[in-house]
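What follows is a short report on a single structure.
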Amino acid sequence: MSGAEDRARRTLTEAPADLLVDRLAGELLRSYGITEVELFQVDYRLSALLPLTEGEPIEGPGHPAWRCFDHQEPIVTERTGYLPVSMRGDRRGVLRVSPVPGDPAAVGELLGVATALGHELVAVNEGTDVYRAARRSRRLTLAAEMQWELLPGRSRIRPSFSLAGQLEPAYAVRGDSFDWSDDGHRLWLSTINGMGEGVQASVLTALATHALRNARRAGLGLADQAALADQAVYALHRGEQHVSALLLELDLAGGVMTVVDAGSPRLVLLRGGEVVEQPLEAQFPLGMFDGTDYREQQFTLRRGDRLFVLSDGVVEATGQNVRYGETALDRFLRRTGPMEPLDAVRSLIGDLRAFVAGDLIDDAVVVCLDWTGPQP
């Protein structure tokens, strides 16, 4: 690491939470002669890169900023550089800098600075609304605000797996959500859908999410996690409200997947270019009855397998009185094979929006998981 890169990184860690880009711009001017710096964050719909300060959103897919975002590599055109801003696989946006120094080593240093910015954006997010507010092209509903705050991120990459998820309609989602966590040996993934509309659905989903996290962090097995969340929802609503959920636990060393299906969405396996719906043992949604005894089932993934978790809102999306349907869905999922999980999720959501000619009306959640095999 050069002295200039080290100073830029130190500037980020020492800057006030709301002035990360402003202080970084001053340091890049001193160290690299860069006079223009702007952060573009991807919006909640994954359809626009929005400037932090002034300027127009970048929406055209052929724009260098989108190429940088999609391929996660620096793009330099006419001495203007676009650098991916990400944190452990969670793509936050793009940093635009100009003029870019002619030395290729400087571009590598600036890439490191952009990555450091991604980490700092996550670190300061709880203390300021500056970056959250700039990520939205319109106002979120209250229910959607609650749902997005629940999420662990939108994508994650580790040596043995990569995954991504998206909620739709992004600015008005109600009960659909997802959660994940890993400890280097296991990956836990859940998709959750609280019944009802608006804030009522979001509150149910939040209760189930926190109950599942509480059980997971206490070291309980998957079936017991479901049972604890079931009790939490039933104790509050006595069966009048319930939550559909799919709980998964992946052993990262051997690829063994443990599943509890509590009224879940579809689980689809993409293996060798073929789409197969994974059969699950359907059990009662969380909170429907008192003291439900949940059972686990298992199957084994192969290296290179891809899993999609899809809520009913995907298959049942309707355009011009025609359902999107399973045939169109399976055909599209096969086409996602070469894509990274976030690109696959984004492409599927984009296809659904095109099919319905706008935002989805019903909630939909899409999660894509790739298991790349055991790692040393």
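General remarks:
- Taking Cα centre as origin and charging only the Cβ of basic (Lys, Arg, +1) and acidic (Asp, Glu, -1) residues, the dipole magnitude of the chain rounds to 480 debye.
- Relative contact order of the chain, pairs being alpha-carbon contacts under 8 Å that are 6 or more residues apart, as %: 14
- Excluding the site residues themselves, the longest part of the chain lacking any GluC sites (Glu not before Pro) in a DSSP loop with at most 12 other Cβ atoms within 10 Å is 79-196.
- Stokes-Einstein translational diffusion, segment 236-376 - Kirkwood Rh over all Cα pairs, 1.306 mPa s, 10 °C, in µm²/s: 97
- Listed residues L342, Y294, L142: farthest to the positive end of the dipole of the chain (Cβ charges): L342
- Available extension along the chain between T77 and H185 is 34.7 nm, counting 0.36 nm per residue and deducting the alpha carbon span.
- Crossing angle, helix 3-14 versus the chain [Cα axis fit, 0-90 degrees, rounded to tens]: 50
- Every pair of different Cα atoms in the chain enters the Kirkwood calculation, which places the hydrodynamic radius at 21.8 Å.
- Counted over all Cα-Cα pairs of segment 98-198, pairs farther apart than 15 Å make up 72 percent.
- Simple rule: put +1 on each Lys or Arg Cβ and -1 on each Asp or Glu Cβ in the chain, find the dipole, and look at T77, G62, G198; the Cα lying farthest toward the positive end is T77.
- Stokes-Einstein D in µm²/s, Kirkwood radius over Cα pairs - segment 159-245 at 37 °C with 0.692 mPa s viscosity: 240
- Dmax and Rg, reported as Rg then Dmax, of segment 3-134 (C-alpha, Å): 13.5, 38
- The trypsin sites (Lys or Arg not before Pro) of segment 114-157 meeting both criteria, a DSSP state outside H, G, I, E and B (loop) and at most 13 other C-beta atoms within 10 angstrom of the site's C-beta, are R138, R139.
- Segment 77-175 - charge dipole about Cα centre, Lys and Arg +1 at Cβ, Asp and Glu -1, debye rounded to 20: 340
- Top positive-direction residue, dipole computed over segment 142-371 with Cβ charges, set S162, A354, V243: S162
- As a proxy for reagent exposure, ranking H119, H71 by other Cβ atoms within 10 Å from fewest up yields H71, H119.
- If R0 equals 56 Å, the separation of the Cβ atoms of T327 and S98 corresponds to a calculated FRET efficiency of about 0.75.
- Segment 66-106, dipole about Cα centre (Lys/Arg Cβ +1, Asp/Glu Cβ -1), debye to the nearest 20: 160
- Taking label positions 7 Å along the Cα-Cβ direction at both V199 and E59, the computed distance is 3.1 nm, reported to one decimal.
- Kirkwood Rh (inverse of mean 1/r, distinct Cα pairs), segment 1-72, angstrom: 13.7
- Karplus 3J(HN,Hα) series, Hz, for segment 113-119 with 6.51 cos²θ - 1.76 cosθ + 1.60 (x for Gly, Pro): 5, 5, 5, 4, 4, x, 5
Only the coordinates and a few stated rules stand behind these numbers; no lab work does. This one's a predicted model, so the numbers in the text were calculated from it and none came from an experiment. Here Cβ is always computed from backbone atoms with ideal geometry, including for glycine, and neighbour counts include all displayed protein chains.
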